[in-house]
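Inspection log for the structure reproduced underneath, given as structure tokens.
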Amino acid sequence: MSNVNRETLLPKVGRRSFLKMAALAGAAGSAGAINAATVTRDATTLELSKQFPGSKKVKTICTACSVGCGIIAEVQNGVWVRQDVATDHPVSLGGHCCKGADMCDMVKSSVRLKYPMEKVNGEWKRISYEEALDKIATQLDKYRQENPEQVLFLGSAKMSNEQAYYVRKFGAFYGTNNVDHQARI
Ligand code: SF4
């Protein structure tokens, strides 16, 4: 990082300026089609700075990969409502890839898996973590007795070097070389 000029990496447009530009662009775009004066107004200073009253900003990190880019999460009544870049984060310097830029919506997604599920007779039903771990361990033990080479251990882009090392070791002790970090996805 010593050769990187931090100033050249930081965004040149602040959030407030960006919102003002967006408001101007929106007003300009709608003026030709409808009477903007009756349906739009300037955002107030309070709205520009505090769109979600009572919310607080929490520093966190993106969990979609092991880079761990910084995110400023805006939380209102316990719900993550908006996110901003963390320009002071030492790794990401305010940057995100497309996954991290949408982390807020991913967390709130209605199709997000929030607890272990098992498909029984074609229907998904919720089970406890203890049940899930017992079932997985039982199956892994069965496959290991039969032939450990029929199992493949897949890691995740979320895994750090150290975690990848543990998965590799686990696979070796299990009895197979079928191990992939899976970072290539
Ligand atoms: S998924 Fe993208 S935004 Fe998230 S930590 Fe990795 S590189 Fe950063």
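Laboratory data are not the source of any read-out in this text; all were calculated from the coordinates shown. Keep in mind that what you see is a predicted model, and the values were worked out from it rather than measured. Neighbour counts are summed over all protein chains in view; Cβ atoms, including those assigned to glycine, are modelled from backbone coordinates with ideal geometry.
Observations, loosely collected:
- Distant-in-sequence amide H partners of TRP80 (H built 1.01 Å from N, under 5 Å): none
- What you get for the stretch 82-142, charging only the Cβ of Lys and Arg (+1) and of Asp and Glu (-1), is a dipole of about 200 debye around the Cα centre.
- Dipole magnitude of the stretch 54-112 about its Cα centre (Cβ charges: Lys, Arg +1; Asp, Glu -1), debye to nearest 20: 160 debye
- Furthest towards positive pole of dipole, LEU152, SER55, MET103, structure part the stretch 50-175, Cβ charges: SER55
- Candidate lysines - alpha carbon under 26 Å from LYS142, same-chain residues fewer than 8 apart omitted: LYS119, LYS125, LYS169
- Subset of LYS56/LYS108; LYS56/LYS158; LYS56/LYS99; LYS50/LYS99; LYS59/LYS99 violating a 21 Å alpha-carbon distance limit: LYS56/LYS158; LYS56/LYS99; LYS50/LYS99
- At 1.567 mPa s and 4 °C, Stokes diffusion of the stretch 93-185 via Kirkwood alpha-carbon radius, µm² per second: 80 µm²/s
- What the pair-distance distribution of the stretch 54-112 shows, using all Cα-Cα distances binned every 10 Å from zero, is 25, 55, 19, 1 percent.
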